[in-house]
Amino acid sequence: MIPHDYHIHTRFSCDCQALMADMCRAAIAKGLPEIGFTEHFDHHPKDECRGYFQPEAWWAELEKCRAEFAGRLIIRAGIEIGEMHIYHAEAQAMLARYPYDYALGSLHWIGPESIFDVKFFKSHSEDTAFRLFYEELERLTRVGGFDSLSHFDVPVRTSHAVYGGYDPKPFEDYIRPVLKNCVERGLALDVNTAALRRRANVLTPGLDILRWYAELGGERVTLGSDSHFPENVGAGLDVALDTIRAAGLKYVTQFERRQARLVRI
Ligand SMILES: [Zn+2]
Ligand SMILES: [Zn+2]
């Protein structure tokens, strides 16, 4: 059984039209016992989602869904926070104000450059692009303050169009310090299936990175479809679970009011 889907967007994210109740129905139809909604909460001046998230309205809708689907689906309150090492005060204020179950920490920007813009990859070699990304990810995880690190090697969603197939092994020396931070700070990894649905066709993170994390003593992972459409709720999480097991990891991590609980898989 798939234990949860902890990375789901709704119309409260600027890049998504989906209704929260439809995402809940899709989760129940797929047999998921637990999900978490994680809207974008971004502050980068160039980010299209900046200022979009409306927490009061979102919490009202979440409570409505919790009541409507009570006994059939556990609904966690998550949030996907961008560049928390830079916009730390805004993030902490949001987390202090509402009873979130967990926060995903994301990196979508390196300075003024978006890692979803093909220009970033065209203007750098593959080694430079991934080095810059992982150096920034090291800074994000050094500061921490969130619960699960989103889509570890997410640049591959876009870099694939410029460099082709991706293999993290050449970047191991850049990646290990990030994983070390995660282990030391108790940050989980969001094993994210969105890039499985793109041409890159990989999990982020995949087997190699999950193995290195396990080697360093990491135990915490969450599963995330990163769905923006009901049909993608739960998508690829069977692959994610198999890969987690193959990496030698023994648990998935559930969160309630920001307390982690490790559940055997
Ligand atoms: Zn993201
Ligand atoms: Zn997301």
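The values are calculated or read from the model by the stated rules, or taken from the named source; none is laboratory data. Predicted model, so just to flag it, every value in this text is computed and none were measured. Every residue, glycine among them, receives a Cβ derived from its backbone with ideal geometry; neighbour counts consider all protein chains shown.
A few comments on the model shown:
- Any hit, the range 246-263, residues being more than 30 Å from A29 (Cβ to Cβ) and outside any strand (DSSP E or B): yes
- Filtered by the rule that a residue be touching a residue at least 40 places away in the same chain (Cβ under 8 Å) and part of a helix (DSSP H, G or I), the range 178-195 gives V178, N181, C182, R185, A194, A195.
- Any hit, the range 84-91, residues being away from ligand 1 (no atom under 16 Å from the Cβ) and charged (D, E, K, R): yes
- Any hit, the range 59-70, residues being in contact (Cβ under 8 Å) with a residue 60 or more places away in the chain and either buried (at least 16 other Cβ atoms within 10 Å of the Cβ) or in a strand (DSSP E or B) (or both): no
Per-residue answers, yes or no, for (1) in a helix (DSSP H, G or I); (2) more than 20 Å from the chain's Cα centre (by Cα); (3) within 24 Å of K169 (Cα to Cα):
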| position | (1), (2), (3) |
| --- | --- |
| L32 | no, no, no |
| P45 | no, yes, no |
| A96 | yes, yes, no |
| D101 | no, no, no |
| H124 | no, yes, yes |
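- When every residue of the range 220-227 is checked against the conditions, none turns out to be away from ligand 1 (no atom under 16 Å from the Cβ) and either part of a helix (DSSP H, G or I) or modelled with pLDDT under 95 (or both).
- The residues listed here are I110, I75, I79; of these, the one that is without any contact (Cβ under 8 Å) to a residue 60 or more places away in the chain, among the β-branched types (V, I, T) and either farther than 16 Å from T222 by Cα or surrounded by fewer than 18 Cβ atoms within 10 Å (Cβ to Cβ) (or both) is I110.
- Among the residues of the range 217-260, the ones that are without any contact (Cβ under 8 Å) to a residue 60 or more places away in the chain, within 16 Å of ligand 2 (Cβ to nearest atom) and on the phi > 0 side of the Ramachandran plot come to 1 in all.
- Contact map, the range 35-49: residues that are more than 20 Å from A77 (Cα to Cα) paired with residues that are more than 11 Å from ligand 2 (Cβ to nearest atom) and part of a strand (DSSP E or B), Cβ distance under 6 Å, separation 6+ or inter-chain. Pairs shown: H44/W109.
- Among the residues of this structure, E138 counts as one that is acidic (D, E), crowded, with 17+ Cβ neighbours inside 10 Å, away from ligand 2 (no atom under 16 Å from the Cβ) and in a helix (DSSP H, G or I).
- Some residue of the range 186-195 being more than 16 Å from ligand 2 (Cβ to nearest atom) and at pLDDT 95 or above: yes
- The one condition in (1) under 24 Å from V178 (Cβ atoms); (2) buried (at least 17 other Cβ atoms within 10 Å of the Cβ); (3) touching a His at 6+ places or on another chain (Cβ under 8 Å) that L32 fails to fulfil: (1)
- Put simply, of H4, H43 the only residue that is surrounded by 15 or more Cβ atoms within 10 Å (Cβ to Cβ), closer than 15 Å to S225 by Cα and not polar (S, T, N, Q) is H4.
- Residues (under 24 Å from D238 (Cα atoms), in a loop (DSSP other than H, G, I, E, B), in contact (Cβ under 8 Å) with a residue 60 or more places away in the chain and within 12 Å of ligand 2 (Cβ to nearest atom)) located in the range 1-15: H9
- The range 72-93, residues that are in a helix (DSSP H, G or I) and within 16 Å of ligand 2 (Cβ to nearest atom): A91
- Subset tally (residues that are within 16 Å of ligand 1 (Cβ to nearest atom) and in contact with a helix residue (DSSP H, G or I) (Cβ under 8 Å, 6 or more places away or on another chain)) for the range 93-125: 10
- Which numbered condition D167 fails, given (1) assigned to a helix (DSSP H, G or I); (2) among the acidic types (D, E); (3) more than 24 Å from D15 (Cβ to Cβ): (1)
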